[in-house]
Amino acid sequence: MNMVKTGILLAALTALFGVAGLVIGGEGGMLIALGIAAATNLYAYWNSDTLALKAFNAREVNEAQAPELHAMVRDLARNANMPMPRVYVIDNPQPNAFATGRNPENAAVAATTGLMNMLSREELAGVMAHELAHIKNRDTLIMTVSATIAGALSTLAQFGFLFGGMRGNDRPGGPLVMIAMMILAPLAAMIIQMAISRSREYAADKEGADICGNPIWLASALQKISGGVARVPNGDAERHPAAAHLFIVNPLKGGAVDNMFATHPATENRIAALMDYARERGAGPGSGGIGAGGVGPGLAAERPTRARGASPTPTIGGAPRRPRGPWG
């Protein structure tokens, strides 16, 4: 089903390229635009992960630089029966994360420093498991490719508006058509992109809960991330709005409305779905998890000792304590 959706989305975005070219330059412009679309599809397939990581200034970290994060991702990847992805860190105070790559063998996960400082280990495991679910389901290919194509389509529409389109008699519209094309083409591409990405978020939430072993961990993380995103702006995301759907929570302001124009479902709805799933599984805040004791083997030795009777991982709807992040 994912392959079918991917094909439909790419075909729709390519068709939009053709329509934009037709309005801007007639039949000749349409052929040129379709050629650009084909080249963009091919380029994005091979390089969309690099483009996404560079856009947000992500830096790759090795096991010596981030031992806890590496151990966690390795254990989660083993749970998901998939290859270990490359691990990146983004120096940004906004708590967020995303995954990218054309397939599980060529994938990467990226987390912001704000995310790692805010979440407990269990909550961070839930977020990383969510991102691995996107990789496993090959969502990352269509998410990164569609971001690249949507951005290129927006540029094409703006180019046509600035240069006025073709000057011949076969021009299918005047200035009003050009203005409409500048507005509607990028909007149509984003609607197509968002309609599919939102359904993928629910699926990745559920599978991520299975990978990490506890839906409550991810639900608690989503609650904290949503609050952090509302307080802390992300300048890189504002400069690259077509890539907003890559993140686990929309990094842009005003993106929480659960409708067809939102890149993500409402966080409250995702949390509610995860809590329902937790009840189905009979999971509590401290149950399940990666490796022994709810953390991977690489983290077990470094996990701080919890005082007897202390509260476990923060729960939804309670009065959560401020956990100590994996990096202090």
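Spin-label pair D210-A230: with each label point 7 Å from Cα along the Cα-Cβ axis, the two points sit 3.2 nm from one another. Using r as the Cβ-Cβ distance of Y43 and N117, and R0 as 41 Å, what FRET efficiency do you calculate, to the nearest 0.05? Efficiency at R0 = 41 Å is approximately 0.70.
Between A15 and Y202, what is the spin-label point distance in nm, taking each point 7 Å from the Cα along the Cα→C-beta axis? For the pair A15/Y202, the computed spacing is 2.4 nm. Values of log10 I(q)/I(0) for the stretch 1-141 across q = 0.11, 0.13, 0.20 Å⁻¹ run -0.50, -0.65, -1.12, by the Debye formula with one identical scatterer at each alpha carbon and no solvent. The peptide list 224-233, 96-105, put in order of mean Cβ contacts within 10 Å with the highest first, becomes 96-105, 224-233.
Any read-out appearing in this document is the output of simple, stated calculations on the displayed coordinates, not a laboratory observation. Small disclaimer: the values here were computed from a predicted structure and weren't measured. Neighbour counts run over all protein chains shown; Cβ positions are idealised from the backbone, glycine included.
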